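Read-outs throughout are calculated quantities, based only on the coordinates presented, and are distinct from any laboratory measurement. Just so you know, these numbers come straight off a predicted model, no measurement behind them. Note that each Cβ is placed from the backbone with ideal geometry, even for glycine, and that neighbours are counted across all protein chains shown.
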Amino acid sequence: MEIYPKTSTQPEVQFRWMVRRDLPEVLEIERQSFEFAWTEEDFLRCLEQRNCVGTVARVGEEVVGYMVYQILKNRIHLLNFAVAPQWRRKGIGTQMVERLKKRLVQQGRQRITLEVRETNLPAQLFFRHCGFRAVCVLRDFYENTTEDAYLMQYRHRPSLKEQEAASQQLRRLAS
Ligand SMILES: CC(C)(COP(=O)(O)OP(=O)(O)OC[C@H]1O[C@@H](n2cnc3c(N)ncnc32)[C@H](O)[C@@H]1OP(=O)(O)O)[C@@H](O)C(=O)NCCC(=O)NCCS
């Protein structure tokens with residue numbers, strides 16, 4: 001397992017939709033990040049779906065990370081998530097998750113879920129750091145190995161302001 005030591009500088013990260021011309025950089029990060037990497041076709045097939053969203057994180061013009069997620073009826077499901085090896089342990093993954101949490105509220109959903117391989121301890125620790133918890137084991141989840149997966153979940157707790165706005169809306173509807 002490679003060790004990425006923590007660094008103190010926080011790069012300024014910008015986000016935008018993933019577009020086709022991002023794919024060479026995204027595929028390079030994907031190959032460096034996963035033993036069973038998605039191919040270009042996997043990305044394209046996934047992003048063609050109406051409820052699938054791809055986002056890239058950039059520092060300057062460089063793509064430093066990306067995520068692909070599905071907006072489901074009552075949750076957001078993360079399908080793919082990676083930060084380029086040379087940009088890890090700088091808080092970029094955390095900023096990507098913060099972005100996703102904002103989307104969750106905007107989309108009126110309460111939960112973010114994802115599957116993580118049982119051997120992928122860095123990702124488990126990372127998502128735990130971001131407020132996710134393992135909720136169940138998915139036995140023999142993968143086609144390419146005999147590994148199990150953990151289903152990890154983040155549950156949004158509405159702030160007092162959001163609770164107040166929701167009850168005001170209910171009062172308006174009831175009057
Ligand atoms: C998991 C991943 C996205 C984390 O991205 P990152 O930008 O390095 O994460 P951050 O810098 O925001 O880390 C935040 C915290 O998560 C935890 N963390 C992140 N990487 C860790 C690691 N390798 N080992 C232990 N803890 C880790 C730490 O608590 C860290 O805080 P700290 O740096 O102050 O100690 C990145 O390692 C990655 O792309 N891995 C390969 C792809 C992958 O496994 N994706 C997930 C598939 S489910």
Quick one: order Arg99, Arg31 by neighbouring beta-carbon count within 10 Å, fewest to most. Arg31, Arg99
Given the C-alpha centroids of segment 48-66 and segment 100-146, what is the distance between them in whole angstrom? 19
Take the Cα atoms of segment 14-174, find their three principal axes, and give me the spread along each one in whole Å, biggest first. 53, 39, 31
To the nearest 10 degrees, how steep is helix 160-174 against the longest Cα principal axis of the chain, on a 0 to 90 scale? 50
Give me the angle, in degrees from 0 to 90, between the Cα long axis of helix 23-33 and the longest principal axis of the Cα atoms of the chain, rounded to the nearest 10. 80
Compute the FRET efficiency between Arg109 and Thr146 as 1/(1 + (r/R0)^6), taking r as their Cβ-Cβ distance and R0 = 22 Å, and round to the nearest 0.05. 0.10
Sites Val135 and Phe34, calculated FRET efficiency, Cβ-Cβ separation with R0 22 Å, nearest 0.05: 0.45
